[in-house]
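What follows is a short report on a single structure.
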Amino acid sequence: MAERRWWLRGVLLVSVLLLAAAGAAAAFIWQQLTAAYQEPGPAAAASRIQVPQGASVRTVLAQLAGQGAVRDARAVEWYLRLEGLHPRIQAGTYELPAHASPAQILLLFEQGKVILEQLTVVEGATFNDFLELLAHEPDVTHTLAGKTPAQVMAALGHPDENPEGRFFPDTYKFAANTPDTVILGLAYERMRAELAAAWSAHRPQLPFDDPASALILASMVEKEAQLKSERARIAGVFVNRLRKGMRLQSDPTVIYGLGARYDGEIHTRDLLADTPYNTYTRAGLPPTPIALPGRESLIAAVQPDETGELYFVATGLGDGAHHFSKTLLEHNSAVKAYLARLRQQRAAAAVARP
């Protein structure tokens, strides 16, 4: 019996030692897995990763290991399994900080903190300019290729609406692979909001009574004004001429009406050629906007300066300024001065050419 007791004690001792060893080994392994998940990664510099739609955690971890952002993808995967964690991997392009841990990287994916690309539409651009920018943007998903403006507006849910002037010029930030329709939709809603805000503060007794007309006038102001300080003054000239029934005689409207026929200069024949946009041959505002106006031009159109001025012409001094006049006599004198400066500049340029 004594020998049996010693044998049982030996077995128990060995079992305890084995369990202790197993526990120590398990603790060591768990410590290693935790470190693999939480400790800083090996990447010495920031990097980018493109996560495709529907990518699994295993696939993304392998991709991270392949580009040197994670040391042991399998260890991270085992840690997630043992902890019962199921990170949601959102598609997109991500910026990974230097030495980011797998925990930090997976949190970026879960939060969807993708890199935002950007596209800038300048004030005074046309709708076609906007479409061209989108068509040449590599990070946009192109769905509108080959569509006419009318088809584009139908795709945006605004059929039978002329697109010119209906999109706000600004810098738009978006995740890679965003559809072009989404960006256009943002710009459309932004212009609707900006126009509504401007119109809500319009002055009484303007020679038009709807925001659509204000948008047309704002587009003309945008194309005429090179200096922000002159926007409201130029709008005031157009408003005064509308009140008096005078033709607006705006060169940018003529250019817009010429379309592809415009060769970089306005000729006398262009001013005489009647189109719906020729404000030399037709009275009133043109039928649609001629560009995408910004906020300042929208405000100028509904809050024009009341100066009594009826004319303006470029000074030709190279600063974008205009000379404003109340009388035709003064205006004609300013036009002569402008043409004289223009001739001098052309003569000087001809002499300077080798």
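Bear in mind these aren't lab numbers, they're just calculated from the coordinates by the rules spelled out. As the structure is a computational prediction, the values presented were derived from the model and not from experiment. A quick note on method: Cβ atoms are made from the backbone with ideal geometry, for glycine too, and the neighbour counts reach across all protein chains shown.
Numerical summary
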quantity	calculated
Protection proxy ranking, peptides 157-166, 93-102, average beta carbon neighbours within 10 Å, highest first	93-102, 157-166
Crossing angle, helix 102-111 versus the chain [Cα axis fit, 0-90 degrees, rounded to tens]	40 degrees
Burial ordering of D274, D139, fewest other beta-carbon atoms within 10 Å first	D274, D139
Sequence of D270, D180, D210 once ranked by neighbouring C-beta atoms within 10 Å, starting from the fewest	D210, D270, D180
Radius 13 Å from Cβ of Q118, net charge of other residues (Lys, Arg +1; Asp, Glu -1)	-3
Candidate lysines - alpha carbon under 23 Å from K173, same-chain residues fewer than 8 apart omitted	K113
Where the Cα pairs of segment 116-195 fall when distances are cut into 5 Å bins, in %	3, 15, 30, 28, 18, 5, 0
Rh (Kirkwood; distinct C-alpha pairs) - segment 42-114, Å	12.1 Å
Prolate/oblate/rounded call for segment 215-354, Cα gyration tensor, a/c under 1.5 rounded	prolate
